[in-house]
1. Quick one: HIS70 ticks every box in (1) free of Cβ contacts under 8 Å to residues at least 60 places away in the same chain; (2) surrounded by 23 or more Cβ atoms within 10 Å (Cβ to Cβ); (3) assigned to a loop (DSSP other than H, G, I, E, B) bar one, so which box is it?
2. Looking at GLU231, GLU264, GLU239, GLU271 in this structure, which one is of a type in the set (D, E, K, R), modelled with pLDDT of 95 or more, more than 21 Å from PHE24 (Cβ to Cβ) and open to solvent by 80 Å² or more (accessible area, probe 1.4 Å)?
3. I'd like to know if the range 72-88 contains one or more residues that are within 23 Å of TYR298 (Cα to Cα) and either aromatic (Phe, Trp, Tyr) or more than 14 Å from the ligand (Cβ to nearest atom) (or both).
4. Take VAL56 and tell me if it is buried (at least 21 other Cβ atoms within 10 Å of the Cβ) and among the hydrophobic types (A, V, I, L, M, F, W, C).
5. If you take the residues of the range 254-268 that are within 12 Å of the ligand (Cβ to nearest atom) and part of a loop (DSSP other than H, G, I, E, B), which of them is farthest from the chain's Cα centre (by Cα)?
6. Does GLU271 fit the bill of being within 26 Å of LEU129 (Cβ to Cβ), among the acidic types (Asp, Glu) and within 14 Å of the ligand (Cβ to nearest atom)?
7. So which of LEU205, LEU234 ends up being of a type outside the set (Lys, Arg), within 16 Å of the ligand (Cβ to nearest atom) and in contact with a Leu (Cβ under 8 Å, 6 or more places away or on another chain)?
Amino acid sequence: MEEEDCILGLHHITAIASDAQQNFDFYSKVLGLRFLKKTVNFDDPGAYHFYFGDEVGSAGTILTFFPWPHITPGTRGAGQATAIGYSVPAGSFDFWLRRFEEYNVSHGQPGEKFGEPCLSFFDPDGLPLEFVVAQTPDPRTPWTTTEIAADVALRGFHYVTLMVASRRGTASILTGIFGYALVNQAGNRYRYATDAVPTARFVDLVEEPGSKRGVVAGGSVHHVAFRVRDEATLLHFREQVLGRGLDVTPQIDRQYFHSLYFREPGGVLFEIATDNPGFMVDEPLAELGTHLLLPPQYEKRRNQILAHLPPVV
Ligand code: ZN
C-alpha cells in the first residue's frame, strides 16, 4: 500500500457528556489532558464542542465531547464503541488508583488484555475508559499539569473497543479498506492493528452475537475517527467506502480537519479525518482552548449563541 493511501490509526474519538463544567473538570483537571478547543457543535450551535488532547492536538490523542445538559444516559450494546483505551506509563496505576479515590472516580481493579496491564474506569457520565501499559514503550510526549507529571501522564489512545453482533462486516472494512490486520484474539475479543503508525493503531472488536443495539446518548461514544494525511487521501477512501455499497457523506469542513462519515456494517459511526489544517488555525499554540471559537457561519450569531451556553472555567 502506498503511504499516501494509508489510514494512519485513530484520529479522534467523540463522545457525549451531560454537564459541560463537569466534563471540563474531569478531563482537563482529573485526567490532566490539555483543553485544546472550546467551540460549538457545528450541527447544533446551541451546544458546546470540547476538544482535549496533547499539547498541539496530535491525531491519536484527541478526545472530543458534545455536552448536552439534558441528555439521558445511553445504553451499552452492539454497534457502539464501548471503551476507549489510553496509553499510560508502566508503574502509573498506583498513582491513578489513589487519584480515582480522591476524586470519587468509579473504577475496576488492575487486570490484563493481550498481556498488557489495564485498569478500567468511568467518566462522570459513565463513559468507559481504560488505562493500558503498552507492551512497547510509548514514545509520545504527554501534556503535563502541576498535579500530573510525565511519569504518569496519558500518552494518547492505545485502542478503541467496538462491540458488534457479528464482526464480519466491521472486520471487512478494517482489513479490506483501512489496511488493518487481525493480530490477536482472546475469547470473543479480536484485536486488529495497522502497521502504518507506531501508536493509536489498535481496534478491538468484541463480538456479542444476539446482543441488542446500544443506544448512543449520554456517556456513549458518538463516533470514532480514523486519520488520513490530506484531502486527496480522504477522497480516495470515500471511493473505497462507496465501492462497498455504503452511504458516505461528502467531504465536510470541520474547521480543524476535513472529514467524511459513514456507518460501518456493524453499526458504529466511523469518520475519516485529515491532519490539516489543525488546531492552530484560529488560536496560537499558547492560547489553545482559551477562547470560544465559532466557525465563520456562526460568527454573526455570536451573542445569541453565547447567551445560551453555560460558562465553563
Ligand atoms: Zn469527529
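1. Only one criterion is unmet by HIS70, namely (2).
2. Just one listed residue meets the conditions, GLU239.
3. no
4. Working: buried (at least 21 other Cβ atoms within 10 Å of the Cβ): no; among the hydrophobic types (A, V, I, L, M, F, W, C): yes.
When the stated conditions are applied, VAL56 does not pass them.
5. Here is the first cut: in the range 254-268, the ones within 12 Å of the ligand (Cβ to nearest atom) are 254-261.
When the remaining residues are screened for being part of a loop (DSSP other than H, G, I, E, B), the result is 254-256.
Details: ARG254: 15, GLN255: 17, TYR256: 15 Å.
The qualifying residue farthest from the chain's Cα centre (by Cα) is GLN255.
6. In short, yes.
7. On the way: LEU205 fails: within 16 Å of the ligand (Cβ to nearest atom).
When all the criteria are applied, what remains is LEU234.
Conditions (1) surrounded by 13 or more Cβ atoms within 10 Å (Cβ to Cβ); (2) farther than 20 Å from ASP43 by Cβ; (3) in contact with a strand residue (DSSP E or B) (Cβ under 7 Å, 6 or more places away or on another chain); (4) not acidic (Asp, Glu), marked per residue:
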| site | (1), (2), (3), (4) |
| --- | --- |
| ARG227 | yes, yes, yes, yes |
| LEU260 | yes, no, yes, yes |
| LEU288 | yes, yes, yes, yes |
| HIS308 | no, no, yes, yes |
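The values are calculated or read from the model by the stated rules, or taken from the named source; none is laboratory data. Note that the structure is a prediction, hence the values are computed from the model and not measured. Methodologically, a virtual Cβ is constructed for each residue, glycine included, from the backbone with ideal geometry; neighbour enumeration extends over all protein chains shown. Accessible surface is based on the protein model in full, side chains and every heavy atom, while ligands, DNA and RNA are left aside. Shrake-Rupley method; radii C 1.70, N 1.55, O 1.52, S 1.80 Å.
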